[in-house]
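What follows is a single structure, written as structure tokens, with notes after it.
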Amino acid sequence: MSGMSVSGVSPYSQSVPAQGAAPVQEEQKALADALKEQEEDQKTLAEMMQEAQEKAEKQKDQFKLPKNSRRYGDAAIIAYSKLARARSLGEVDAASGYARRQIAQLRAAKGSDSENAERIQAAINQLQKAVNRAGRKKRELSQEKLCAKRQARLEREKRKREASRLRHQLRSRQAMRMIRESGYLREADVDNRLQDQLQATRMEMRRQMEDLSAETQTAVDAAVRQYASASAQPAPAPEISVEA
């Protein structure tokens, strides 16, 4: 009995801490993996929020209200006024030249003012009609001039009945032309008013889309703040139970 050595700690008691340390290491590893996964998810969500913000900014730029309030349709009304007052071929050419110059200016403005492209194109279409109608008026004035010469010749020849009939035809043609030209002017004015209403409608739609974009941006910012606040809270400490 005296030859035996007795140790205060048995081999069984030494193995207890080693067996209890294994579950602790596994739980710590699981916790680290969970935190890493949460961090990755947080980065992914942050990227999604950033992408949403970028989209909101693009929508805001897309539906930005136009700053240029120039009345592009006034050029067509002025051109038709000049055309209606024209009594000679030279005056008709002057009215047509004014319309052509305005078309060139509006085409240049269309390239620099894309927000009013529809309004500008409508004015260009009206001015192009004015140019075509100016060509028609030149032909009519030439025919009226020839008719007036024939009338004067018939009067000199004492052919009063034929001269009177030709005079009535000439006056009738001139009256019809004046009525038609006044209709051109009313058409340009109505189209100008219509285009103003359409432009106002487009501006209102853009304003509503801009407000909607701002509301979307506000919602995105609130979601980002809420997520950041939730992520800033410390995670609860894991409960580790070690049984000896």
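Okay, here's what the table says:
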| quantity | calculated |
| --- | --- |
| Filter pass, Ser172 being among the hydroxyl-bearing types (Ser, Thr, Tyr), over 19 Å from Ala75 (Cβ atoms) and without any contact (Cβ under 8 Å) to a residue 40 or more places away in the chain | yes |
| Which numbered condition Arg136 fails, given (1) open to solvent by 70 Å² or more (accessible area, probe 1.4 Å); (2) in contact (Cβ under 8 Å) with a residue 40 or more places away in the chain | (2) |
| All positions within region 95-122 that are of a type in the set (Gly, Ala, Ser) and in contact with a Lys or Arg (Cβ under 7 Å, 6 or more places away or on another chain) | Ala95, Ala117 |
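Residue-wise test of (1) open to solvent by less than 60 Å² (accessible area, probe 1.4 Å); (2) in a helix (DSSP H, G or I).
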position: Arg87; (1), (2): no, no
position: Glu91; (1), (2): no, yes
position: Tyr98; (1), (2): yes, yes
position: Leu106; (1), (2): yes, yes
position: Ala109; (1), (2): yes, yes
position: Ile124; (1), (2): yes, yes
position: Val131; (1), (2): yes, yes
position: Leu154; (1), (2): yes, yes
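The values are calculated or read from the model by the stated rules, or taken from the named source; none is laboratory data. What you see is a predicted model, and the numbers here were worked out from it, not measured in a lab. All Cβ positions, glycine included, derive from the backbone under ideal geometry; neighbour counts span all protein chains shown. Each accessible area value is taken on the protein alone, full model and side chains, heavy atoms only, with ligands, DNA and RNA left out. Shrake-Rupley method; radii C 1.70, N 1.55, O 1.52, S 1.80 Å.
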